[in-house]
Each structure stands twice: as structure tokens, then as C-alpha cells.
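Engineer: Submitted below is the structure of interest, expressed as C-alpha cells.
The values are calculated or read from the model by the stated rules, or taken from the named source; none is laboratory data. In this text, all values refer to a predicted model and were calculated from it rather than measured experimentally. Please note: Cβ atoms are built from the backbone with ideal geometry, for glycine as well, and neighbour counts cover all protein chains shown.
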Amino acid sequence: MSRRYAEQTRVPVSRSVQNIIRLLERFGACDYVQGRTDGRTQILFKYGHSAVRIRVPQSEDEQEERRLWRCAEMSVKAKLVSVEEGIEIFEEAFLAHIVVRGGKTVGEELIPEIQDGKLPGPNVRKLLTCATG
């Protein structure tokens with residue numbers, strides 16, 4: 001049976017949030033807000049001209065809440081290392097989390113269309129068929 005990441009963590013949620021904010025500050029992000037909505041806790045911050053929102057599911061179980069925030073910290077850190085090492089730019093790494101018109105994120109706008117098969121468009125499908133065929 002495989003173990004889940006940070007399953008035994010004793011790190012409080014507040015420290016994981018502080019670690020995330022410290023990481024973001026190191027990369028030039030600012031104007032942080034943390035809050036709860038729709039059964040999720042979120043961190044909203046500004047980077048350059050973009051507002052970015054990272055949501056973490058809430059849990060009634062304190063240990064699971066700690067684990068989820070450790071996972072969120074790892075995710076943010078991995079994205080920022082990728083940016084730091086030139087693998088991608090910030091906007092690529094956080095694209096799904098960038099807030100667009102209407103207060104939704106790019107991911108909230110596009111993921112349902114991707115899951116419904118509406119994206120990618122026909123030209124991209126043709127390219128993918130050619131690349132794999």
C-alpha cells in the first residue's frame with residue numbers, strides 16, 4: 001500500500017501558508033490575501049500584472065488539512081523552481097491559476113471545455129494525429 005505525501009506531517013497549516021508566501025515573495029509576488037470560500041481555502045496574490053489564485057480543498061480532519069497544505073506548498077515550490085531554472089516562465093507554470101475577467105481562473109474557464117472534448121480545436125487534433133501517427 002502506497003503512502004500519501006506528507007501523511008504523517010506535524011507542520012501546522014499556518015506554517016505551510018507562511019512558507020508559500022515566503023517562496024512567492026522571493027520571486028517577486030505581493031499583495032497576499034488568504035480566505036475560505038466554496039469549501040476551499042485560497043491564497044490570492046499578485047505577480048507582475050497578474051492576479052493568481054491557488055485553492056486548497058478544506059477538510060474537517062485536521063491532519064488531512066495539514067497534509068493538503070504541505071502538498072500545496074510542494075506544488076508551488078516545484079512551479080517556482082521550474083521558473084527559476086528556466087524550464088518555463090511564471091505565466092506558463094501558473095497559467096491555470098491566473099485570474100481572468102469575471103473572477104474565474106484560466107483553469108476554471110478552460111478545463112471543462114477540455115474535459116468535454118471542445119478543446120483542443122480541429123487544427124491541433126490534426127497536428128497531434130500527425131505527430132503520433
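Engineer: Please specify each residue of region 49-96 satisfying the condition of being surrounded by fewer than 19 Cβ atoms within 10 Å (Cβ to Cβ), in contact (Cβ under 8 Å) with a residue 40 or more places away in the chain and either in a loop (DSSP other than H, G, I, E, B) or small (Gly, Ala, Ser) (or both).
Structural biologist: Of everything in region 49-96, those that are surrounded by fewer than 19 Cβ atoms within 10 Å (Cβ to Cβ), in contact (Cβ under 8 Å) with a residue 40 or more places away in the chain and either in a loop (DSSP other than H, G, I, E, B) or small (Gly, Ala, Ser) (or both) turn out to be SER50, ALA51.
Engineer: Do we have ARG15 as basic (Lys, Arg) and part of a helix (DSSP H, G or I) here?
Structural biologist: Yes, satisfied.
Engineer: Answer with yes or no whether LEU127 is surrounded by 13 or more Cβ atoms within 10 Å (Cβ to Cβ), assigned to a helix (DSSP H, G or I) and either hydrophobic (A, V, I, L, M, F, W, C) or modelled with pLDDT under 95 (or both).
Structural biologist: no
Engineer: Next up: I'd like the residue in region 18-48 that is of a type in the set (Lys, Arg), in a strand (DSSP E or B) and at pLDDT below 95 and, out of all such residues, is nearest to the chain's Cα centre (by Cα).
Structural biologist: Filtering region 18-48 for residues that are of a type in the set (Lys, Arg), in a strand (DSSP E or B) and at pLDDT below 95, the one nearest to the chain's Cα centre (by Cα) comes out as ARG40.
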